[in-house]
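The values are calculated or read from the model by the stated rules, or taken from the named source; none is laboratory data. No experiment lies behind these values; they were computed from the predicted model shown. Glycine also receives a Cβ, built like all others from the backbone with ideal geometry; neighbour counts cover every protein chain displayed. In case anyone asks, the SASA skips ligands and DNA or RNA and just uses the protein heavy atoms, side chains included. Shrake-Rupley method; radii C 1.70, N 1.55, O 1.52, S 1.80 Å.
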Amino acid sequence: MLDDPIEYNKFRTFAVSCFSSELTAFIEEYQVLKAKTIAILRPKSMRGRPSDSTICTLANPEPTKLPASPHATSPPKTSESAYTPTSVTTSILDTLTNNSKPTHTVSFPSQLFDKLKAVYWDYIDPNSYTSVNASPMVVRRIDEMMNNNDYNVTLFDELKDEVLFMLYSDVYTRYIRK
């Protein structure tokens, strides 16, 4: 369902009716981060390889409008393409390394630090109107990494997995019953 643009847009609209639009919005931002990270870090010779040809179709021709975070200087940019070379269930690190074990820690490129902070303020900060209902343990780990300027590409992976679980176990189960 996440890979079918028509079905995903129906699901995203349904998530809004369930007051869960922040969950799909976070997943879309994660995919944007993944695409931008890959575009910067992966050597050009490796982009577009056959193993990268599966397209995750979380693009939004008509994005859901969410209230801006009280900490954001501008409203969330939802017009960015969320097309990435892999499914949303595949982490940024696994995408970069083609599912092989990396030999070193991989950090987000410095060009994306502002984007990382915006994602944090919009979806993790408990004072944000669009924060996801993440477990305190996951929020604490992300807080520690952000406070230590540890911008490892795995920064949002646990949260992404929690959000996907929330979407599947709550919103999706109601969606298929409708």
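Looking only at residues in segment 97-126 that are assigned to a loop (DSSP other than H, G, I, E, B) and among the hydroxyl-bearing types (S, T, Y), the one that is least open to solvent (accessible area, probe 1.4 Å) is S100. Name the single residue that is nearest to D3 (Cα to Cα) among those in segment 80-93 being surrounded by fewer than 17 Cβ atoms within 10 Å (Cβ to Cβ) and modelled with pLDDT of 55 or more. Filtering first and then ranking leaves S87.
One residue stands out in segment 127-176 among those that are of a type in the set (K, R) and over 22 Å from L112 (Cβ atoms): the one that is surrounded by the most Cβ atoms within 10 Å (Cβ to Cβ), namely R174. When segment 123-172 is filtered for residues that are closer than 16 Å to A15 by Cβ and without any contact (Cβ under 8 Å) to a residue 40 or more places away in the chain, the ones remaining, listed by number, are N133, E162, F165, Y168, S169. For segment 1-17, the tally of residues that are closer than 19 Å to V132 by Cβ and not in a loop (DSSP other than H, G, I, E, B) stands at 8.
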